[in-house]
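Here is the structure we will look at.
The values are calculated or read from the model by the stated rules, or taken from the named source; none is laboratory data. Every value quoted in this text rests on a predicted model; they were computed, and no experiment measured them. Note that each Cβ is placed from the backbone with ideal geometry, even for glycine, and that neighbours are counted across all protein chains shown.
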Amino acid sequence: MRIALLISLVFLTGAGLATGQEIVPPLIPPPPVAPLRPPLPPEVGKTVGNVTGSPWIGHRFVFERYIGWGWIRPEGEKNWKKGRWVIIEESPGRLTAPHRSLPYPEADNHVEYRLWGELAPYKGYETNYDIFTDVFVLKGYQILNAAAPLKLSPPVKGTARGKKTQSSPMSR
């Protein structure tokens, strides 16, 4: 057993053990630190899908563990407090939400889009926060630009089953 161990050490460390030289382990660099994922510069002006009809302005807002997409408002409305928190309904294989083609979900956080489509007559259920929220049926979009963060947050947790009361998704 000792001979096998000695032979293994000589084999692994080379002639250093046999010649009496000090054995210096090879330097192993530390593992790379994962970089923070900064927002990507938007492809301003890129247009996808059917872009006819009355547009909405959408502000992508990534919120921890939220399934919702962000805020939308009619293009003529300037006040985001009159906007709506929405889930985007996509058409897989034909048209997906703007962030789907990016390398990670938050790559377009606080990017504004011109969206074409309509509000669905039904609500979507947000499982992580137990709320029902508006659904926007997406038909097309145009990337506008990065924007300053909005001073709004998604609807209150637990409103779907009456745990908390709120007059509308916009009340804070």
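Among the residues of the stretch 120-154, those that are of a type in the set (A, V, I, L, M, F, W, C) and in a strand (DSSP E or B) comprise 120, 131, 132, 135, 136, 137, 138, 143, 144, 146.
The residues of the stretch 107-131 that are at pLDDT below 90 and either over 21 Å from residue 156 (Cα atoms) or of a type in the set (Val, Ile, Thr) (or both), listed by number, are 107, 108, 127, 131.
For residues that are free of Cβ contacts under 8 Å to residues at least 60 places away in the same chain and surrounded by 15 or more Cβ atoms within 10 Å (Cβ to Cβ), tally how many sit in the stretch 91-113. Outline the logic, then answer.
Start the filter on the stretch 91-113 by keeping residues that are free of Cβ contacts under 8 Å to residues at least 60 places away in the same chain, which leaves 91-101, 105, 112-113.
Now narrow it down to the ones that are surrounded by 15 or more Cβ atoms within 10 Å (Cβ to Cβ): 95-99, 112-113.
Total meeting the criteria: 7.
At least 2 residues being within 17 Å of the chain's Cα centre (by Cα), within 26 Å of residue 131 (Cβ to Cβ) and at pLDDT 65 or above is the threshold, and among the strands (runs of 3 or more DSSP E) wholly inside the stretch 1-85 those reaching it are 55-60, 70-74. Anything in the stretch 85-112 that is charged (D, E, K, R) and in contact with a Phe, Trp or Tyr (Cβ under 7 Å, 6 or more places away or on another chain)? List them, or say none. Matches in the stretch 85-112: 89 only.
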